[in-house]
Amino acid sequence: AASACGYVLGAELRACGVDFSFTPVLDLDWGPSTVIGDRAFHADPRVVAVLARCVMQGLLRAGMRNCGKHFPGHGFVAADSHTHLPRDARGLKTILADDAAPYGWLGTVMDAVMVAHVVYPKVDARPAGYSARWLQAVLRGRLGFGGAVFTDDLSMAAARHIEGRTVGLDEAVLAALGAGCDVALVCNQSLDGGRVLDDAIEALARAQVTGAWTPAAASEARRLALLPAHDAPDWDTLMRSPDYLRALALVP
């Protein structure tokens, strides 16, 4: 059923012209987190990893890459990072043994990772998406992950605080890219002609000119690797596909 869900999700989205989905959720179901809630597969990281792998295989069958989220784990904290800055007081050893374990186990089949807007003060004072320790020392170094790294939405309240300071979107984007993210997501900011987005792009251009930020060829390659390798069938063709109909019958 999990593999069928991944295939149906990926196939339907691609038939609608959407080529990427931030799926699957790898957070553990510890209980108190309402923002993760039933998006979590299970409380046991082993079960999460098995089901997530099946979803990933289904997505790949539909020609879509996958993205595990929210590294290193958002399920333990009760606060919603859309509106507050969550803090997880556990140590690195505990997090690696539980919440982050699926990222290590799935490293060979995981194409991308989305990082949590959560502070883990025993590891770094910065939210994980702005932390070179989390992204480069732990995710890249210790866990050996080689795919693309996304921020979560930088419009969220938790993303606008770095070490006790409130930061603007331009500083948030530069901090995320500087820490090791390949893609900075800015969602729900198209009002007023998208001026907020224009300002962030201009800040990037200035940073490149002054040498404060340099685009990386490896980062560009990781982004391009997420694009579909083949065209998708249109919606009417998909609806007549025996593979799709068999998978749809297995979806709960």
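Quick notes on this structure:
- D_trans [Stokes-Einstein, Kirkwood Rh over alpha-carbon pairs] for segment 77-132, 10 °C, 1.306 mPa s, µm² s⁻¹: 130
- Kirkwood Rh (inverse of mean 1/r, distinct Cα pairs), segment 121-252, angstrom: 17.4
- If you run the Gaussian network model on the chain, springs between alpha carbon atoms under 10 Å, then out of 103, 120, 130 the most flexible one is 120.
- Projected label distance in nm at residue 187 and residue 47, using a 7 Å step from Cα toward the beta-carbon: 2.6
- Of the DSSP H helices in the chain, those whose Cα atoms cover at least 18 Å axially and whose Kyte score averages -1.0 or more: 2-15, 45-61, 195-210
- Tail weight of P(r) past 23 Å, computed on alpha-carbon pairs of segment 1-120, percent: 29
- Computed about its Cα centre, the charge dipole of the chain is approximately 780 debye, with only Lys, Arg, Asp and Glu carrying charge at their Cβ.
- Fraction of beta bridges assigned by DSSP in the chain that are antiparallel (%, nearest 5): 30
- Cβ crowding within 10 Å, taken as a proxy for footprinting-reagent exposure, orders 74, 161 from fewest neighbours to most as 161, 74.
- Fewest-first ranking of 76, 22, 150, 71, using other Cβ atoms within 10 Å as the exposure measure: 22, 76, 150, 71
- Residues within the reach of a label modelled at residue 248 (point 7 angstrom out along Cα to beta-carbon, backbone nitrogen below 19 Å), restricted to segment 1-41, are 1-18.
- Ordering 229, 43, 157 by the projection of their Cα atoms onto the charge dipole of the chain, which places +1 on the Cβ of Lys and Arg and -1 on the Cβ of Asp and Glu, puts 43 at the extreme positive end.
- For the chain, the direction-averaged projected area of the alpha-carbon convex hull comes to 14.1 nm².
- Summing +1 for each Lys or Arg and -1 for each Asp or Glu among the other residues whose beta-carbon sits under 14 angstrom from that of residue 190 gives -3.
A short reminder: the numbers here are calculations on the coordinates, not readings from a lab. What you see is a predicted model, and the numbers here were worked out from it, not measured in a lab. All Cβ positions, glycine included, derive from the backbone under ideal geometry; neighbour counts span all protein chains shown.
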